[in-house]
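Input: a single structure, listed below in structure tokens.
The values are calculated or read from the model by the stated rules, or taken from the named source; none is laboratory data. Bear in mind that the values here come from a model prediction, so they are computed numbers and not experimental data. Don't worry about glycine lacking a Cβ; one is built from the backbone with ideal geometry, like all the others, and counts go over all protein chains shown.
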Amino acid sequence: MSPSPVRKGLITGHKSRLAESPVLDIKAGGKRVRAVSYGPGPKNAVTAIFLHEGLGSIAQWRDFPDRIADAAGCAVIVYERLGHGGSDPLEEPRPPNYHMQEAKIVLPDVMDAFGVERAIFFGHSDGATIGLLFAALHPDRTLGVIAEAPHVFIEEISLEGIRAARKDFDTGTLRGRLQTYHGKNTDSMFDAWADTWLDPAYRDWSVEDQLPAVKAPVLLVQGENDEYGTAEQLTRVADGVSGPSETLLVPDCGHAPHFEKREEIFEATLRFIRNCTPQ
């Protein structure tokens, strides 16, 4: 199936040097998800797919993906998961295994819609977990994974961060800030994220048993001051995967190194993509 253009121009809040890239609607997992692509196209270059965080959207990546496309000469795809941004809304409670469902069902459909056989994945937070699970489930379609602030088991610091976000959403400014990117999806998207992670029945959640199936190269990135997780997440991933891994623990940095230490992560991403690109 082929993506069909919806409109051209900037997505709300998106500051991009490639603002004329069309916004696309594609079918994935039986639903409509919104996507953009940058660079020469998957048939002409290696493809990198960006997987956003738990409260993320296309626009919240800002210009990082299209800068990567330009500098690396690669095709880049960014899409919004169900319930985020301009994608179809969530119509039922999010299942506890939503990371696995995204990796098993939705992400392959996104790749097929763009004609992508294999890709490099840059995932942030929830997106990093999804990228690792995809690599475990689909090793033949994975060239490499950049896992920034991944979650493979639950830590108390993660729950504390989510409780603080819940309070800010209910009584502070977070709801208004997220509404810029998610519009009518804002409330259901936030509730699905926070309620899932804070559910007492979710405390034993882990995907560590999937890690040995990851054979592709992995770059692990995390800020030393990440408010949602500790470096133990990176240690568990590095110890668990079967393929080569490299760890980049970034000093004086929180949950979003690609924003907070922009040039350092940009250069590390370029190097990784070049090393994973078939010759």
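Just to be sure I understand, how many residues within the range 58-83 are among the β-branched types (Val, Ile, Thr), assigned to a helix (DSSP H, G or I) and within 13 Å of the chain's Cα centre (by Cα)?
Filtering the range 58-83 down to residues among the β-branched types (Val, Ile, Thr) leaves 58, 68, 76-78.
This time we only want the ones that are assigned to a helix (DSSP H, G or I), so: 68.
Add one more test, that the residue is within 13 Å of the chain's Cα centre (by Cα), and what stays is none.
Residues flagged as among the β-branched types (Val, Ile, Thr), assigned to a helix (DSSP H, G or I) and within 13 Å of the chain's Cα centre (by Cα) within the range 58-83 amount to 0.
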**Asked** Which residues, taken from the range 155-165, are of a type outside the set (Gly, Ala, Ser) and either within 14 Å of the chain's Cα centre (by Cα) or in a helix (DSSP H, G or I) (or both)?
**Response** GLU156, ILE157, LEU159, GLU160, ILE162, ARG163
**Request:** Find the residue count for the range 186-211, including only residues that are touching a residue at least 40 places away in the same chain (Cβ under 8 Å), in a helix (DSSP H, G or I) and more than 22 Å from GLY83 (Cα to Cα).
**Result:** 4
**Prompt:** Quick check: is even one residue across the range 178-185 in a helix (DSSP H, G or I), within 18 Å of the chain's Cα centre (by Cα), more than 28 Å from GLY85 (Cβ to Cβ) and not acidic (Asp, Glu)?
**Reply:** no
**Request:** Of the numbered conditions (1) out of contact with any Gly (no Cβ under 9 Å at 6 or more places or on another chain); (2) assigned to a loop (DSSP other than H, G, I, E, B), ALA216 fails exactly one; give the number of that condition.
**Result:** (1)
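When you go through VAL116, VAL152 one by one, which is the residue that is more than 27 Å from ALA45 (Cβ to Cβ), buried (at least 18 other Cβ atoms within 10 Å of the Cβ) and either more than 12 Å from the chain's Cα centre (by Cα) or modelled with pLDDT under 95 (or both)?
Exactly one residue qualifies, and that residue is VAL152.
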**Residue satisfying all of: in the range 208-221; surrounded by fewer than 23 Cβ atoms within 10 Å (Cβ to Cβ) and in contact with a Pro (Cβ under 9 Å, 6 or more places away or on another chain); farthest from PHE134 (Cα to Cα) among these** = PRO217
**Prompt:** So which residues in the range 222-279 are in contact (Cβ under 8 Å) with a residue 60 or more places away in the chain, in contact with a Phe, Trp or Tyr (Cβ under 9 Å, 6 or more places away or on another chain) and surrounded by fewer than 20 Cβ atoms within 10 Å (Cβ to Cβ)?
**Reply:** GLU232, ARG236, HIS255, PHE259, ARG262, PHE266
**Message:** Quick check on my filter: what residues within the range 20-47 are farther than 14 Å from ILE77 by Cα and among the β-branched types (Val, Ile, Thr)?
**Reply:** none
